[in-house]
2 protein chains.
Amino acid sequence: MASAGNDRSVRLWDPATGCELRRLEGHTDWVRALCAVTVDNHTLLASASDDRSVRLWDPATGCELRRLEGHTDWVRALCAVTVDNHTLLASASDDRTVRLWDPATGSELRRLEGHTDWVRALCAVTVNNHTLLATASNDRTVRLWDPITARCCFVIPVYHPAPACTALPGLLAVGLDVGILTIDLA
Amino acid sequence: MASAGNDRSVRLWDPATGCELRRLEGHTDWVRALCAVTVDNHTLLASASDDRSVRLWDPATGCELRRLEGHTDWVRALCAVTVDNHTLLASASDDRTVRLWDPATGSELRRLEGHTDWVRALCAVTVNNHTLLATASNDRTVRLWDPITARCCFVIPVYHPAPACTALPGLLAVGLDVGILTIDLA
């Protein structure tokens, strides 16, 4: 069962479960990454797609609030990064770039260039009380970036394609095709 | 440069950056998912691999603490689920099952069976003050499970393969091959 509301989403009710499903209309290809991002105390939904766009949605209405365009290939990963009490959205793409967006306006603030192959994962890490952005790529490096200046602070060879990363206290863990590396951030 | 310590990990120093890299020895294939899990106030690293195992590591020493074996195909996703003040680790696999593990002992507590294709993503959600586990599968359903009883509470047809999901306040967002669905959990 489906009905169209006066917002741009389409609602579906599943008669078996009674759940309301709401289709957020817009993306035209696989959505492989989703994350929550807080703007002015509201939780928004960010989505990344093979259609090369990142979109921000109001989860209460299903409306598309902002379309973040610029990537020229699949967008594979998203994370929120808070610097100076302001939350930014970071996106990693097969176009070899990472972009930092202001979720309040949808504008591209900074472009992180340097990786020479797909950027497959990213996360925020803390180094000496500074928040940096860590990125893992098929180019066999992990890079650490200053989200304020867009400067790449470290290029760390990891010798293998890196499809995953996550932050731990004082450490960055990286998933590889042959196992795991940790990088001491202390 | 590399040196072997008295733990089972291998340390590498990168002369260009001064970073210490530590290779956690064990996995024999792609590590596609990593997550932090807290056990007795210690943060451990959980990893999921195409080698069909999930492993728990002490990030301070690089030692493999526990090997969680049982999945019969690639393990694609991990998340921590806290029920009754006890944190469990959930793993999603191409073997169509989700397993719940006690990270303190490494034992498989419960097996969530029902999906008929790869389980590609999972996250914890809150429904009526109860913590449930949401799973998204290539079988074109999202399922909600009670982590205590292993019972599947809801099977929600989403009409498309579902490679991503994330929790938002009162909602579950699901990434599909054609866009996004949200499921109202209120």
Item to complete: Report, by residue number, each residue of region A:97-117 that is of a type in the set (A, V, I, L, M, F, W, C) and either in contact with a Pro (Cβ under 8 Å, 6 or more places away or on another chain) or at positive phi (or both).
Response: A:LEU100
Worksheet, complete the sentence: Note on region B:19-61: residues more than 9 Å from chain A (Cβ to nearest Cβ), in contact with a Ser or Thr (Cβ under 8 Å, 6 or more places away or on another chain) and polar (S, T, N, Q) are B:THR38, B:THR61
Fill in: Filter result for B:THR43 (among the hydroxyl-bearing types (Ser, Thr, Tyr) and modelled with pLDDT under 95)
no
Item to complete: For region B:124-144, enumerate the residues that are buried (at least 20 other Cβ atoms within 10 Å of the Cβ) and among the hydrophobic types (A, V, I, L, M, F, W, C).
Response: B:VAL125, B:LEU132, B:LEU133, B:ALA134, B:ALA136, B:VAL142, B:LEU144
Worksheet item: Across region B:166-179, what is the total count of residues that are more than 7 Å from chain A (Cβ to nearest Cβ) and either of a type in the set (D, E, K, R) or not in a loop (DSSP other than H, G, I, E, B) (or both)?
Response: 3
Worksheet item: Is it the case that region B:93-110 has a residue that's under 18 Å from A:ALA173 (Cβ atoms), surrounded by 20 or more Cβ atoms within 10 Å (Cβ to Cβ) and small (Gly, Ala, Ser)?
Response: no
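If I filter region A:74-87 down to residues being in contact (Cβ under 8 Å) with a residue 24 or more places away in the chain and part of a loop (DSSP other than H, G, I, E, B), which single residue comes out as nearest to the chain's Cα centre (by Cα)?
Just the residues of region A:74-87 that are in contact (Cβ under 8 Å) with a residue 24 or more places away in the chain, to begin with: A:74-84, A:87.
Now restrict to residues that are part of a loop (DSSP other than H, G, I, E, B): A:74, A:84.
Values: A:TRP74: 12, A:ASP84: 19 Å.
For region A:74-87, the residue satisfying everything is A:TRP74.
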Discussion item. Anything in region B:18-29 that is surrounded by fewer than 21 Cβ atoms within 10 Å (Cβ to Cβ) and within 19 Å of B:ARG99 (Cβ to Cβ)? List them, or say none.
Written reply: B:GLY26, B:ASP29
Worksheet item: If the Cβ limit is 8 Å and pairs must be 6+ apart or interchain, which residue in region A:149-161 that is within 13 Å of A:HIS115 (Cβ to Cβ) pairs with which residue that is among the aromatic types (Phe, Trp, Tyr) and crowded, with 17+ Cβ neighbours inside 10 Å?
Response: A:CYS152/A:TRP145
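The values are calculated or read from the model by the stated rules, or taken from the named source; none is laboratory data. Treat the numbers as computed from the prediction; the structure is a model and nothing was measured. All Cβ positions, even for glycine, are placed from backbone atoms using ideal geometry, and neighbour counts span all protein chains on display.
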